[in-house]
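Heads up: the structure comes next, in structure tokens.
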């Protein structure tokens, strides 16, 4: 069975390919899952699911057991999933109506918060891109939302570049995947440095070091690490290609 985070991962691949065919079976399958209301409480999709605990996983993906207090509502990955539904569903469809509802709720929550966690912020950033691309009316001052996301993203990017190669920190590529991104101009120098760093730190097998680990599963992590390397390779190659080929 799908989960919200797995589905989010699929949507990011679709976005990374700049794919636009809403009729593709993968796209339609994602929309059906979102419409099904599985792992959905009417406002957000769950960040984690119970079955996470049945398999090796990072400690931050553990699902709270029944009886514990509900965590504070997060729009990771909900905001990004709403953006995908907004971009690929037809106006008047259930998916589109749900996407409009969630987009409004998400942006109102963002505007009412002093700051948000960086992974959640990247989901807001994705939602904003989709809203702007579709010229969607979501009942929120989009210029104000865009300025807030821009400010928080710039604050979130780690400016101490000595940490970029060895620590799990926020590099420009967390938010900026295209030279057309509004954040590009004010981060161009940092992006150039990240591109140089990626070229210099690529390993002989074409991969890059993974800068995190699973402390709870020391035996399983070496296997998972190899899987993560493939994801990092795709993300880094796409970033380099987009930064060097556009403009």
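Values as computed for the structure displayed
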{"quantity": "Any hit, segment 71-78, residues being touching a strand residue (DSSP E or B) at 6+ places or on another chain (Cβ under 6 Å) and within 28 Å of residue 18 (Cβ to Cβ)", "calculated": "yes"}
{"quantity": "Failed condition for residue 147, given (1) more than 30 Å from residue 57 (Cα to Cα); (2) touching a helix residue (DSSP H, G or I) at 6+ places or on another chain (Cβ under 9 Å); (3) in a helix (DSSP H, G or I)", "calculated": "(2)"}
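Rule-based calculations on the coordinates, nothing more; no lab input. Because the structure is a prediction, the values reported are computed rather than measured. Every residue, glycine as well, gets a Cβ built from its backbone with ideal geometry; the counts of neighbours run over all protein chains shown.
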